[in-house]
Amino acid sequence: MAADEAVAAGGLSIGINYGQIADNLPSPSRVSMLLRSMQVSKVKLYDADQNVLSAFLDTGVEFVIGIGNENVSAMVDPAAARAWVQQHVRPYLPSTRITCITVGNEVFKGNDTDLKDSLLPAMKSVYQALGALGLQGQVNVTTAHSLDIMGSSYPPSAGAFRPDVVPYIQPLLDFLSAARSPFLINCYPYFAYKDDPTGVPLEYVLFQPNAGVTDPTTGLNYDNMLYAQVDSVYAAVQALGHTDVDVKISETGWPSKGDPDEAGATPQYAGIYIGNLLRRIETKQGTPLRPAVPIDVYVFALFNENLKPGPASERNYGLFYPDGTPVYNVGLRGYLPPMDESDATRTAIHFLALIALAFVTLVLS
């Protein structure tokens, strides 16, 4: 089934990350129309933007919302966690379908020991706050991890977490198991290809026909890197005593543009990766280790974000340009309505502010 046929057949079973690190994005009300025209039913935010949540009232779209790393430590205080849930979750339910809260993002990638120590207590506080408001079971609590937490990932059956993160991951898994919440990972086969374009077969990372790689321990054959990465995480989770925690992909994508040293960052490869991924998802396919469990994926990202720091690729993961034009064609045809009056007003104010700033700069120089 082609990606555009999948959309026509009743919507996408894939989620989309809606990042907003940009100064040129359409208003949430217009984005709501765009996503609904594409029949997208799952959206992941990195915050709990009230304008976005309000724009999706009564649309049936399912939301993952986030508490940023800068606010994780504060959530350790049960009163602060309850106030956050009261403000950012309770008012929108059930009209906006908030189903999950991510506390922090890729916390173990950095060196902030206080943040790492605060993560699980903060997750527990938020979970208890949901319980106090009668929302446990309706809204999950988890956190999203970078694959940097893996000490070993090949072959998949040898998957293991880094020794330094195991003391954090073990109790976190115990919590996720008890709370019936998923283990979220951000998976980017692109990074592996970029780091070693001559050693990593392009067909293997792009879901194209190839002989695949057979795990010598399990005998399972992997014809793409993404599924191998997921199963390596399952192996690592199982090594810590859990077979009852689902692994889900909170981010995956491929940049359409990059710096000269970023191999493979092209619209062609991005389109192949996302298009082939969509086709896999629509077949309800599981990984070789868990073939009966359809893989759950949130694509990164909805728009190119022009203010993201780092290499050029960071600003070019979008499926769409801010004007609603597809960056590449994978059959995801959506309708972005014309700019409304509030958008026009904001644009005019932004333009006038730039003129005023330029004038002040000129006078003072």
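Overview of values
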| quantity | calculated |
| --- | --- |
| Selection status of VAL245, in contact (Cβ under 8 Å) with a residue 24 or more places away in the chain, farther than 15 Å from GLN285 by Cβ, open to solvent by less than 30 Å² (accessible area, probe 1.4 Å) and part of a loop (DSSP other than H, G, I, E, B) | yes |
| Residue in the stretch 1-47 that is farthest from the chain's Cα centre (by Cα), counting only those that are of a type in the set (Asp, Glu) and modelled with pLDDT under 95 | GLU5 |
| SER32 of a type in the set (Ser, Thr, Tyr), out of contact with any Gly (no Cβ under 8 Å at 6 or more places or on another chain) and surrounded by 18 or more Cβ atoms within 10 Å (Cβ to Cβ) | yes |
| Qualifying residue in the stretch 88-102 (condition: among the polar types (S, T, N, Q), in a helix (DSSP H, G or I) and either open to solvent by 30 Å² or more (accessible area, probe 1.4 Å) or on the phi > 0 side of the Ramachandran plot (or both)) | no |
| Qualifying residue in the stretch 249-262 (condition: out of contact with any Cys (no Cβ under 6 Å at 6 or more places or on another chain), surrounded by 14 or more Cβ atoms within 10 Å (Cβ to Cβ) and more than 28 Å from ASN306 (Cβ to Cβ)) | no |
| So GLN136, is it surrounded by fewer than 17 Cβ atoms within 10 Å (Cβ to Cβ), in contact with a Pro (Cβ under 7 Å, 6 or more places away or on another chain), of a type outside the set (Val, Ile, Thr) and over 20 Å from ASP58 (Cα atoms) | no |
| Hits in the stretch 248-260 (condition: touching a residue at least 24 places away in the same chain (Cβ under 8 Å) and either more than 13 Å from the chain's Cα centre (by Cα) or part of a loop (DSSP other than H, G, I, E, B) (or both)) | GLY253, TRP254, PRO255, SER256, LYS257, GLY258, ASP259 |
| Candidate set from the stretch 38-56 (those that are part of a loop (DSSP other than H, G, I, E, B) and more than 13 Å from ILE16 (Cβ to Cβ)); member that is least open to solvent (accessible area, probe 1.4 Å) | ALA48 |
| Subset of the stretch 207-222 that is under 27 Å from the mean Cα position of the chain (by Cα) and open to solvent by 50 Å² or more (accessible area, probe 1.4 Å) - its residue that is farthest from ARG280 (Cα to Cα) | ASN221 |
| Search result, residues across the stretch 261-276 that are of a type in the set (A, V, I, L, M) and either assigned to a loop (DSSP other than H, G, I, E, B) or modelled with pLDDT under 95 (or both) | ALA263, ALA265 |
| One residue from ASN24, ASN17 being of a type outside the set (Lys, Arg), under 27 Å from LEU307 (Cα atoms), surrounded by fewer than 15 Cβ atoms within 10 Å (Cβ to Cβ) and in contact (Cβ under 8 Å) with a residue 60 or more places away in the chain | ASN24 |
| Those helices (runs of 4 or more DSSP H) lying entirely in the stretch 113-201 with at least 3 residues hydroxyl-bearing (Ser, Thr, Tyr) | 113-132 |
| Only listed residue being under 20 Å from the mean Cα position of the chain (by Cα), at negative phi, crowded, with 16+ Cβ neighbours inside 10 Å and not small (Gly, Ala, Ser), chosen from LEU184, LEU130, LEU115 | LEU184 |
| Residues being in a strand (DSSP E or B) and either at positive phi or buried (at least 20 other Cβ atoms within 10 Å of the Cβ) (or both) - total across the stretch 290-327 | 5 |
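The values are calculated or read from the model by the stated rules, or taken from the named source; none is laboratory data. Note that the structure is predicted; figures quoted are calculated from it, not measured. All Cβ positions, glycine included, derive from the backbone under ideal geometry; neighbour counts span all protein chains shown. Heads up: the accessible areas ignore ligands, DNA and RNA and are worked out on the full protein's heavy atoms, side chains in. Shrake-Rupley method; radii C 1.70, N 1.55, O 1.52, S 1.80 Å.
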